[in-house]
Amino acid sequence: MTTTPAHEQTRIPTRVLVQTAARVCEEKKGQNTRILELDPVDSGLSDFFLVTSASNDRQAVAIADEIELRLKREFGAYANSVEGRRQGEWILLDYVDFVVHVFLEERRAFYDIERLRKSARPLTPGEFDAELKSALAAKTRAARQKQDMAAKATPSKAAAARKAAAKTKPSVRKATKTTARRASARKTRAKKSARRLR
């Protein structure tokens, strides 16, 4: 089995991985799927918990397998640790920045992770998607404004040349033109005299 170095996994935003895993839970008919955004002060281990329920152990294993497969195929992300696959009552997939918990309904009610993590902000996959889209839109707007400000701050070369020409005094412009004409006339005379000497 090949492993992906940890520094390659960090390039993919954690939110995108969580979103994909939540989508898999919904596709595989996981029930009551919740994303818990953990408080950074409270949990130094991971940023998110993805919690879903299955009606039987086969469904729980199928959900966990599909999450692993999809994240590996689409992003090259491998679970750091997988626990509980044999029993299928509580399967834990640890991706370091987020942890997936696939429970049987009875086990989820018994352990009640949502209650244990009171400081976590619970989100449904739909709310999580909407939040991700709005954050992306805000980031895009900020980048465009920054680009517009940079374009306004640095005028084009043609505009700069026009401004410089407008600032020069007319007498200086005439003197520059006259000097250029004289230099051109000298070159022409030099060429004619060189032809005569041949």
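The values are calculated or read from the model by the stated rules, or taken from the named source; none is laboratory data. These numbers come from a predicted model, not from an experiment. Quick reminder, even Gly has a Cβ in these numbers, built from the backbone with ideal geometry, and neighbours come from all protein chains shown.
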query: Got a number for residues in the stretch 86-138 being buried (at least 16 other Cβ atoms within 10 Å of the Cβ) and either over 19 Å from P13 (Cα atoms) or of a type in the set (G, A, S) (or both)?
result: 14
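Let's see how each residue does on (1) in contact with a Lys or Arg (Cβ under 9 Å, 6 or more places away or on another chain); (2) farther than 22 Å from L17 by Cα; (3) of a type in the set (A, V, I, L, M, F, W, C):
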position: E66; (1), (2), (3): yes, no, no
position: G84; (1), (2), (3): no, no, no
position: E89; (1), (2), (3): yes, yes, no
position: R107; (1), (2), (3): no, yes, no
message: I need the helices (runs of 4 or more DSSP H) fully contained in the stretch 42-156, keeping only those with at least 2 residues that are of a type in the set (D, E) and either modelled with pLDDT of 80 or more or within 19 Å of the chain's Cα centre (by Cα) (or both).
response: 57-75, 105-111, 125-153
query: What pairs come up if the first residue lies in the stretch 129-142 and is closer than 20 Å to V18 by Cα, the second is surrounded by 12 or more Cβ atoms within 10 Å (Cβ to Cβ), and their beta carbons are under 6 Å apart, counting only those six or more places apart or on different chains?
result: L132/R15
Matching residues, the stretch 81-105, being over 19 Å from I35 (Cβ atoms) and touching a residue at least 12 places away in the same chain (Cβ under 8 Å): S81, V82, R85, Q87, G88, E89, L104
